[in-house]
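Below is one structure, written out as structure tokens, with a few remarks after it.
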Amino acid sequence: VSAALKEGHVTPTELCQRCLALIKSTKFLNAYITVAEETALKQAEESEKRYKRGQPLGVLDGIPVAVKDNFNTAGIETTCASNMLKGYISPYNATVVQKLLDQGAVLLGKTNLDEFAMGSGSTDGVFGPVRNPWSYSRQYKEKSVPKSHSEDKESNWVITGGSSGGSAAAVSSFTCFAALGSDTGGSTRNPAAHCGVVGLKPTYGLISRHGLIPLVNSMDVPGILTRCVDDAAVLLGSLAGHDPKDSTTIQDTFKPFKLPSLPDVSKLSIGIPKEYHAPGLSSEILALWSKAADLFKNAGAKVIEVSLPNTCYSIVCYHVLCTAEVASNMARFDGLEYGHRSDMNKSTESMYAATRREGFNDVVRGRILSGNYFLLKQNYENYFIKAQKVRRLIANDFLKVFRSGVDILLTPTTLSDAVPYMEFIKEDNRTRSEQDDILTQAANMAGLPAINVPTALSERGLPVGLQFIGRSFQEKQLLTVAKWFEKQVKFPMIQLEEVERHNHNVFQHQKSASFS
């Protein structure tokens, strides 16, 4: 679409208007919390002037993007899908948002999520659940037969995964060309797998977290959601690098890279971690995983089974560390400086308590409670310190495997395809997150880059993805392998009637550009 803008087949304003029209017609997906129509059209107008002068700012100039609603955006509400921040407008932009705007991207709006990004379904925010665009695709409709006539068509829709479900749904339904998510335990890769898009979690420290409202500071990473691997590389190139406002970013300068047009994997060694054959892994995904390994074998790559022995402890370890950091991070929402404030005015203490009770949902309050328990003086050594030691063991497992000559690990991203909403809500958030994060969160514990690549459609006509995990800061190698794999599997395009109604040569061009 960038080429179409350069060649004048379409103007930034037309493109922006088309995306805004699509957002309106796919409103039922609930992918966006806030749509910034006026500012988006203004940004598109500015971009158009630059194209007319023949001085676009780069590949992203005029490209419509969306941002998860836990990144601060100056002048646009940032809610984290919580009553605690309803109406909160940040005085500054997150670094990643600023970088997108500096390169001429058009910010369409803020996308839906689980409250404060705690969850794996995008069903727990105060603005309601996000619906997976594939629920309305021809592929799914043809395969899904209602159990009875009385079964309402409405209740048949499936979840997007989470917590960046809004961003994944936005990219998947063509309402934007790329979106930002955040990834703490798989929150970008999980919805990417369920929505059939590419989801990249970069190495910890490669992209600035400044302005991303923190969940777990030692694991949070801004994530990138796009429709193809090349697009993810373009976005990474414009977002990565040192930020003086975030002391955890790398000091070295990051050189943006272009992926080879004919990637070669014949000299690589691909590791298949046996521990990822987890309980609950669907036979369909297992079969796809073996098929993928065979693809690499047939291309001349060395495929070997490897062991990451401490994987089985990672969920418990993650639960302790995650809740401990959440408890610390959520202390800032006390009703004094910003966000919701209760009318309870008997005392400061009662105002704090009432504010937090009214502002947070059960999931957030539950995590604060557990976290404070693990951090109590008498529990600190037994839980928090022990979990930190186990985290080190998990990170060392990966180091050993990579030192043994393995270049990339190939694993499933999720245990199954997307679940119908009615089925998903039968279990509580914590149980669900434990099941859904099992294959993704070890990469966060070790700070490694990982990417979901859409692989095939399940028997139910829903997307299934596989995950590649790379060495620290070896994004170029990781994305090159992902691009090779993407070319091999030729993932089908979603057939959405809403999009087809709006069909126009821009989308025709987009199809040929991204899905050839």
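The values are calculated or read from the model by the stated rules, or taken from the named source; none is laboratory data. Here the structure is a predicted model, which means the values were calculated and not measured. Using ideal geometry, Cβ is built from the backbone for each residue, glycine included, and neighbour counts are taken over all protein chains shown. Surface areas here come from the heavy atoms of the whole protein model, side chains and all, with no ligands, DNA or RNA. Shrake-Rupley method; radii C 1.70, N 1.55, O 1.52, S 1.80 Å.
What the table shows:
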read-out: All helices (runs of 4 or more DSSP H) inside the stretch 258-361 with 2 or more residues being without any contact (Cβ under 8 Å) to a residue 40 or more places away in the chain and open to solvent by less than 20 Å² (accessible area, probe 1.4 Å); value: 348-359
read-out: Of all residues in the stretch 156-176 being farther than 18 Å from Asp69 by Cβ and touching a strand residue (DSSP E or B) at 6+ places or on another chain (Cβ under 7 Å), the one that is surrounded by the most Cβ atoms within 10 Å (Cβ to Cβ); value: Val158
read-out: Failed criterion for Gly223 (all others in (1) in contact with a Leu (Cβ under 7 Å, 6 or more places away or on another chain); (2) farther than 30 Å from Ser416 by Cα hold); value: (2)
read-out: For Ala446: the one exception among (1) in contact with a Phe, Trp or Tyr (Cβ under 6 Å, 6 or more places away or on another chain); (2) over 30 Å from Gly366 (Cα atoms); (3) of a type in the set (Gly, Ala, Ser); value: (2)
read-out: Hits in the stretch 229-239 - residues which are in contact (Cβ under 8 Å) with a residue 60 or more places away in the chain, open to solvent by 10 Å² or more (accessible area, probe 1.4 Å) and either over 27 Å from Ala193 (Cα atoms) or of a type outside the set (Ser, Thr, Tyr) (or both); value: Asp230, Asp231, Val234
read-out: Top-ranked residue of the stretch 39-56 - restricted to ones that are polar (S, T, N, Q) and under 9 Å from Pro12 (Cβ atoms), ranked as most open to solvent (accessible area, probe 1.4 Å); value: Gln43
read-out: Test set (1) farther than 24 Å from Met219 by Cα; (2) not in a loop (DSSP other than H, G, I, E, B) - Gly366 fails condition number; value: (1)
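Residue-wise test of (1) surrounded by 24 or more Cβ atoms within 10 Å (Cβ to Cβ); (2) out of contact with any strand residue (DSSP E or B) (no Cβ under 8 Å at 6 or more places or on another chain); (3) within 20 Å of Leu215 (Cα to Cα); (4) modelled with pLDDT under 95.
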site	(1), (2), (3), (4)
Val59	no, yes, no, no
Phe71	yes, no, yes, no
Asn93	no, no, yes, no
Asp102	no, yes, no, no
Gly109	yes, no, no, no
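Yes/no matrix, rows are residues, columns are (1) at pLDDT below 95; (2) of a type in the set (D, E, K, R); (3) surrounded by fewer than 24 Cβ atoms within 10 Å (Cβ to Cβ); (4) touching a Phe, Trp or Tyr at 6+ places or on another chain (Cβ under 8 Å):
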| site | (1), (2), (3), (4) |
| --- | --- |
| Lys141 | yes, yes, yes, no |
| Val145 | yes, no, yes, no |
| Ala178 | no, no, no, no |
| Gly196 | no, no, no, yes |
| Tyr204 | no, no, no, no |
| Pro214 | no, no, yes, no |
